[in-house]
Amino acid sequence: MNQNRRVLLKGSLAAGAVGAAVSAGLLTPKAVMAAWSKEAFEAKDTNAALAGAMGSSDTTASDKIKLKAPDIAENGAVVPITVTSGIDGTTNMSILVANNNTPLTSSYAFGPDTEGYISTRVKMGKTSDVIAVVKAGGKLYSTRKEVKVTIGGCGG
């Protein structure tokens, strides 16, 4: 019985602290919960996903975006991806996997003095192009790399 009381007191204290921070204006709902575009993440093709996430699907290829991904992913459930933007004024980045049922895997917004760098893991259903899209100066830039996904890690 004592354990339940402690859990209740801890929960009440935490909720009270968050409530006080919200009412003081220290936390806003957008800062607490990530804003996301439902349409972009539910889109079935890359153009629709990109338009939903970035406002347009018109991209220009750029060699100032470095996309690091394995040539062959033995486990499509955890494919490591790193994107670095060398474009000044990068405000957003998105990663898409062209042959996934829902191609948009992630989308990021950057603050004014933030380095244009992300490192994550994505899920790939089959061999596909991985596309990194960067928004800078109101324009979209992209690069892509084909990643082969093996079945059962046997290399075939």
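The values are calculated or read from the model by the stated rules, or taken from the named source; none is laboratory data. As the structure is a prediction and not an experimental result, all values here were calculated from the model. Note that each Cβ is placed from the backbone with ideal geometry, even for glycine, and that neighbours are counted across all protein chains shown.
Data table
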| item | result |
| --- | --- |
| For Glu74: the one exception among (1) under 18 Å from Lys148 (Cα atoms); (2) modelled with pLDDT of 95 or more; (3) among the acidic types (Asp, Glu) | (2) |
| Hits in segment 105-155 (condition: without any contact (Cβ under 8 Å) to a residue 40 or more places away in the chain, among the charged types (D, E, K, R) and either touching a His at 6+ places or on another chain (Cβ under 8 Å) or assigned to a loop (DSSP other than H, G, I, E, B) (or both)) | Asp113, Glu115 |
| Subset of segment 104-138 that is farther than 22 Å from Ile87 by Cβ and not charged (D, E, K, R) - its residue that is surrounded by the fewest Cβ atoms within 10 Å (Cβ to Cβ) | Gly125 |
| Among (1) in a helix (DSSP H, G or I); (2) of a type in the set (A, V, I, L, M); (3) surrounded by fewer than 19 Cβ atoms within 10 Å (Cβ to Cβ), the one test that Ala77 misses | (1) |
